[in-house]
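One structure is given here, and the rest of the page talks about it.
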Amino acid sequence: MGTSQSREGLEVSDSDSDYDERDEEEQEDEDYEDAQTQTQTHSTSATKTPSQLDEVDARLKALKLKYQSNTPPSNSSSIPKNAVKLYLHIGGNTPAAKWIVSDKRTSYSFVKSNDEEEEENDDDERNDGKWYLKVGSKVKARVSTEMQLKMFGDQRRVDFVSNGVWALKFPTDESYRRFVTEFQDRHFYNVYGLEPTEENKVKVYGKEFIGWVKPEVADDSVWEDADDSSFGKSPETATPVRSRDDLLEEFEEAANGGVQSLTLGALDNSFLVNDTGVHVYRNFDRGIHGKGVAVKFSGGDLRQHTPNKALLMRAETNMMLMSPMSEGKPNASNLHQLDIETGKVVTEWKFEKDGADITMRDITNDTKGSQLDPSESTFLGLDDNRLCQWDMRDRKGIVQNIANSSNSPVLHWSQGHQFSRGTNFQCFATTGDGSIVVGSLDGKIRLYSKTSMRQAKTAFPGLGSPITHVDVTFDGKWVLGTTDTYLVLICTLFTDKDGKTKTGFSGRMGNRIPAPRLLKLTPLDSHLAGESNKFHGGHFSWVTENGKQERHLVATVGKFSVIWDFQQVKNSAHNCYRNQQGLKSCYCYKIVLKDESIVESRFMHDKFAISDSPEAPLVVATPMKVSSISLSGKRHG
């Protein structure tokens with residue numbers, strides 16, 4: 001179920017890692033001894049001729065003997081400018097894992113692909129005009145988040161992924177900082193196509209978000225204030241680790257194969273959707289159990305196109321099922337309404353605006369807890385450039401009767417906006433009061449108030465990666481965006497001109513916007529997860545009451561379900577954040593490992609958290625199985 005302790009954090013040995021004069025002198029001393037032996041051998045022979053003496057002198061110079069000099073060599077002349085030691089991690093996550101020296105003396109350089117003039121053309125280089133990191137002849141990687149660069153400032157070391165897990169050790173603090181700065185500058189260029197000048201950074205991020213460019217000048221008070229919590233601080237560890245000591249698999253069941261989505265209920269039941277139908281599970285305080293009940297898809301669109309989105313409504317007695325029109329694209333032109341109590345699809349709804357058929361790529365509830373409302377008749381929809389609310393009642397306020405209708409009824413566009421320019425919306429979520437957060441292809445995250453979908457109150461700039469999923473806490477104070485290679489945690493709190501604390505959903509945040517924090521895998525775990533595996537479905541744990549705080553975050557990548565302690569991530573004094581340069585990244589997490597790729601990982605509703613557990617059970621669905629995980633590490637009952 002879980003994984004063993006990560007070996008990624010093992011320090012490379014100082015004795016064979018420091019590139020300094022002593023290291024060079026020891027090698028020269030060895031050469032010097034060899035040279036003395038050679039000269040002594042020569043001295044026993046006859047008197048040397050001038051040509052023989054020249055030969056001996058040439059040999060001695062070739063061995064780099066230290067001749068007397070009035071000016072001793074300086075450190076800068078002893079160490080090449082970009083000198084590094086290159087290490088390779090072997091052994092994966094086994095007890096035998098270790099770092100080995102791959103190249104004791106090498107150097108790095110940043111090269112632009114179209115500036116290189118090499119006799120051999122690399123297959124992975126397509127003259128794309130991007131910056132690449134080269135280390136000797138062994139490493140060449142495009143500068144990007146896919147490298148998963150991790151900094152160890154106290155060790156003058158960076159780790160990264162490039163067809164393996166590598167580490168660079170730098171001879172001085174200055175050379176380490178210079179590398180990190182240059183890497184970040186090259187990454188800025190690769191993302192935005194602009195030189196990393198102050199003017200261009202302001203152009204990309206805006207003056208209000210200069211703290212995202214220079215985290216050292218950002219207002220971090222909101223993070224520091226977040227350290228105070230009603231349920232206490234998380235215990236600190238000496239070094240960032242991943243663990244599974246307090247994870248316990250309570251249940252695991254076969255899931256009838258082909259699972260496409262997991263939909264958790266806050267009442268009696270939860271649901272798995274596969275290509276045959278909707279399978280019902282019973283909710284318990286230790287997880288979910290199959291009831292042996294399923295609603296089968298008997299034909300039509302549902303049979304041909306398995307739903308990839310299921311939304312519970314009306315006190316969880318109804319489910320809206322949305323199927324993509326074509327393979328590989330999420331957009332749908334209609335959806336099916338399933339009555340869970342009767343087990344029948346009662347209608348097929350069409351998306352239409354001003355008499356024309358339109359599509360939606362995502363749907364969600366009006367608020368974070370509205371699925372519990374038995375009278376709920378509206379829900380939200382999102383497409384590439386549309387944000388709207390749909391109403392299942394007709395314009396006269398009467399719920400449409402579709403049981404005997406030959407034509408699909410049309411959902412009423414209740415409110416919303418169709419944007420003229422490409423917003424490239426990808427995903428959205430709602431708060432407890434109905435405010436809306438939307439993630440976009442360009443990485444931007446927009447906050448809309450519950451009263452207007454026309455203009456965002458706040459728009460956070462992108463960090464260079466598309467937002468594929470977004471979630472928000474019930475109180476709207478925290479937003480979690482998912483990208484392929486990291487999660488971004490944003491605080492929406494700000495103080496207005498009257499000294500009142502508000503969120504970015506209700507007003508413009510001004511110029512004291514705190515920098516976000518990133519949640520990442522270590523380079524080793526990223527490598528073990530697989531090059532083609534990407535983060536998806538980042539969620540907060542689930543609460544639907546004011547005054548309650550989410551305690552954990554979870555996301556899925558490959559066969560890993562990754563869990564972060566929310567309070568630990570917010571803690572500014574957390575060990576992960578020490579000696580970091582740039583945006584702070586948290587690498588402390590727990591991993592649930594399954595034997596196949598995970599479809600989705602979600603925490604059950606807070607009501608299912610038992611008294612001595614820090615969290616409700618985590619439900620992990622794979623195509624063939626569904627598991628319930630306890631975070632307490634203790635069996636109950």
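So which residues in segment 190-213 are closer than 24 Å to Cys491 by Cβ and either in a loop (DSSP other than H, G, I, E, B) or in contact with a His (Cβ under 8 Å, 6 or more places away or on another chain) (or both), if there are any at all?
Once the filter is applied, which keeps residues that are closer than 24 Å to Cys491 by Cβ and either in a loop (DSSP other than H, G, I, E, B) or in contact with a His (Cβ under 8 Å, 6 or more places away or on another chain) (or both), segment 190-213 yields only Gly206.
Looking at segment 142-166 only, could you name the residues that are more than 19 Å from Tyr577 (Cα to Cα) and part of a strand (DSSP E or B)?
Arg142, Val161, Val165, Trp166 - these are the residues of segment 142-166 that are more than 19 Å from Tyr577 (Cα to Cα) and part of a strand (DSSP E or B).
Condition check: on the phi > 0 side of the Ramachandran plot, of a type outside the set (Phe, Trp, Tyr) and in a loop (DSSP other than H, G, I, E, B). Does Gly537 satisfy that?
In short, no.
Are any of the residues in segment 558-572 of a type in the set (Ser, Thr, Tyr) and assigned to a strand (DSSP E or B)?
yes
Within segment 349-395, considering only strands (runs of 3 or more DSSP E) that don't extend past its boundaries, which have at least 1 residues that are more than 23 Å from Thr544 (Cα to Cα) and in contact (Cβ under 8 Å) with a residue 24 or more places away in the chain?
In segment 349-395, 378-383, 386-391 are the strands (runs of 3 or more DSSP E) which contain 1 or more residues that are more than 23 Å from Thr544 (Cα to Cα) and in contact (Cβ under 8 Å) with a residue 24 or more places away in the chain.
Please go through segment 127-182 and give me each residue that is touching a residue at least 12 places away in the same chain (Cβ under 8 Å) and among the small types (Gly, Ala, Ser), ordered by number.
Gly129, Gly136, Ala141, Ser144, Gly153, Ser162, Gly164, Ala167, Ser175
Quick one: is Gly530 small (Gly, Ala, Ser) and under 25 Å from Asp475 (Cα atoms)?
no
Any residue that is at pLDDT 90 or above and in the same structural domain as Val472 (by TED's automatic domain parsing) - is there at least one of those in segment 402-411?
No, that holds for no residue.
Going residue by residue through segment 99-113, is there one that turns out to be modelled with pLDDT of 90 or more, within 26 Å of Val191 (Cα to Cα) and among the β-branched types (Val, Ile, Thr)?
Yes: segment 99-113 contains one or more residues that are modelled with pLDDT of 90 or more, within 26 Å of Val191 (Cα to Cα) and among the β-branched types (Val, Ile, Thr).
Going through segment 441-465 one residue at a time, which ones are farther than 19 Å from Thr364 by Cβ, out of contact with any Pro (no Cβ under 9 Å at 6 or more places or on another chain), part of a loop (DSSP other than H, G, I, E, B) and not hydroxyl-bearing (Ser, Thr, Tyr)?
Answer for segment 441-465, where residues must be farther than 19 Å from Thr364 by Cβ, out of contact with any Pro (no Cβ under 9 Å at 6 or more places or on another chain), part of a loop (DSSP other than H, G, I, E, B) and not hydroxyl-bearing (Ser, Thr, Tyr): Gln455, Pro461, Gly462, Gly464.
Can you name every residue in segment 472-514 that is in contact with a Gly (Cβ under 6 Å, 6 or more places away or on another chain) and within 28 Å of Ser526 (Cβ to Cβ)?
Scanning segment 472-514 gives Leu480, Gly481, Thr482, Leu487, Val488.
Inspect segment 581-596 for any residue being without any contact (Cβ under 8 Å) to a residue 60 or more places away in the chain and farther than 27 Å from Phe183 by Cα and give the result as yes or no.
Yes: segment 581-596 contains one or more residues that are without any contact (Cβ under 8 Å) to a residue 60 or more places away in the chain and farther than 27 Å from Phe183 by Cα.
I'd like to check something: does segment 590-601 contain any residue that is among the acidic types (Asp, Glu) and within 15 Å of Ala529 (Cα to Cα)?
Yes.
So which of Leu519, Leu493 is touching a helix residue (DSSP H, G or I) at 6+ places or on another chain (Cβ under 8 Å), farther than 24 Å from Asn93 by Cα and not assigned by TED's automatic domain parsing to the domain that holds Met147?
Exactly one of Leu519, Leu493 is touching a helix residue (DSSP H, G or I) at 6+ places or on another chain (Cβ under 8 Å), farther than 24 Å from Asn93 by Cα and not assigned by TED's automatic domain parsing to the domain that holds Met147, namely Leu493.
If we keep just the residues of segment 306-341 that are touching a His at 6+ places or on another chain (Cβ under 9 Å) and assigned to a strand (DSSP E or B), which is surrounded by the fewest Cβ atoms within 10 Å (Cβ to Cβ)?
Step one: filter segment 306-341 for residues touching a His at 6+ places or on another chain (Cβ under 9 Å), giving 307, 319-327, 332.
Restricting the remaining residues to those that are assigned to a strand (DSSP E or B) gives 319-322, 332.
Working: Met319: 25, Met320: 20, Leu321: 26, Met322: 24, Ala332: 25.
The residue in question is Met320.
Restricted to segment 296-317, and to residues that are modelled with pLDDT of 70 or more and among the basic types (Lys, Arg), which residue is farthest from Asp366 (Cα to Cα)?
From segment 296-317, those modelled with pLDDT of 70 or more are 296-298, 305-317; that's our starting set.
Keeping just the survivors that are among the basic types (Lys, Arg) gives 296, 309, 314.
Values: Lys296: 28, Lys309: 16, Arg314: 12 Å.
Filtering segment 296-317 for residues that are modelled with pLDDT of 70 or more and among the basic types (Lys, Arg), the one farthest from Asp366 (Cα to Cα) comes out as Lys296.
If you go through segment 416-430 one residue at a time, how many are surrounded by fewer than 23 Cβ atoms within 10 Å (Cβ to Cβ) and β-branched (Val, Ile, Thr)?
Residues that pass the stated criteria total 1.
The values are calculated or read from the model by the stated rules, or taken from the named source; none is laboratory data. Given the structure is predicted, the values throughout are model-derived calculations rather than measurements. So basically every Cβ, Gly included, is an ideal-geometry build from the backbone, and we count neighbours across all protein chains shown.
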